[in-house]
Amino acid sequence: MEIEMKIKGLIVDPISNMPIVVLKDVNSNKILPIWIGVFEANAIALQIEKIPTPRPMTHDLIKNILNTFGIEVQKIVVNQIKDNTFYALIYCKYNDKILTIDSRPSDAIAIALRVNAPIYVTEEVMEKAHSLDVDEDLEDSEKLQKWLEKLKPEDLGKYKM
């Protein structure tokens, strides 16, 4: 089963200084932190903040190519964890056929934001990744950052990009 998620925020891991995209289950308080690269975090942040760029960035270019060829992104799914690495699929519709494209979750999320496609995570990934149940006190990014700083590495696991 797939769980619909929204982006809760982007934060920086206080230990590794790597960006983390935090996904939140739309129907519960469960969150899933995914460590991502700096460039992907920037691409996600630019889209969240609706900051225009003078020329198309990589994910904007992908969106433009998809639009030019009439390919619709239906959803993205973070569908696996192997050797502490997250995997995702981008589900596209082209000429009444459903195509799946392997992707890093960060790239899939950046594309989903640009084309307004929903983001999902499988239940299996939520279980393997030790997703966390948070209370409503973690609504702002400063509280979320402090909460993350208090976690022990074994609480979340460490995920490769």
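Derivation of every value follows stated rules applied to the coordinates shown; laboratory data play no part. Fair warning: this is a prediction, and the values are worked out from it, not measured in the lab. Using ideal geometry, Cβ is built from the backbone for each residue, glycine included, and neighbour counts are taken over all protein chains shown.
For this structure, a couple of remarks:
- Trypsin sites (Lys or Arg not before Pro) restricted to region 1-62 and DSSP loop, no more than 12 other C-beta within 10 Å: Lys50
- For region 8-67: span of alpha carbons on each principal axis (Å, largest first): 34, 30, 17
- Out-of-range pairs (alpha-carbon distance over 26 Å; input Lys30/Lys63; Lys63/Lys128; Lys24/Lys50; Lys24/Lys128; Lys24/Lys75; Lys8/Lys97): Lys30/Lys63; Lys63/Lys128; Lys8/Lys97
- Spin-label model, Val26/Lys93: points 7 Å from Cα along the beta carbon direction are separated by 1.6 nm.
- Length gained on full extension, Asp83 to Ile101, computed as 0.36 nm times the residue gap minus the Cα-Cα distance: 4.5 nm.
- Antiparallel bridges, percent of DSSP beta bridges restricted to region 2-152 (to nearest 5): 90 percent
- Estimated FRET transfer efficiency when R0 is 22 angstrom, pair Glu4-Glu124 (beta carbons, to 0.05): 0.90
- Peptides 81-92, 35-46, 55-66 ordered by average Cβ neighbours within 10 Å, highest first: 35-46, 81-92, 55-66
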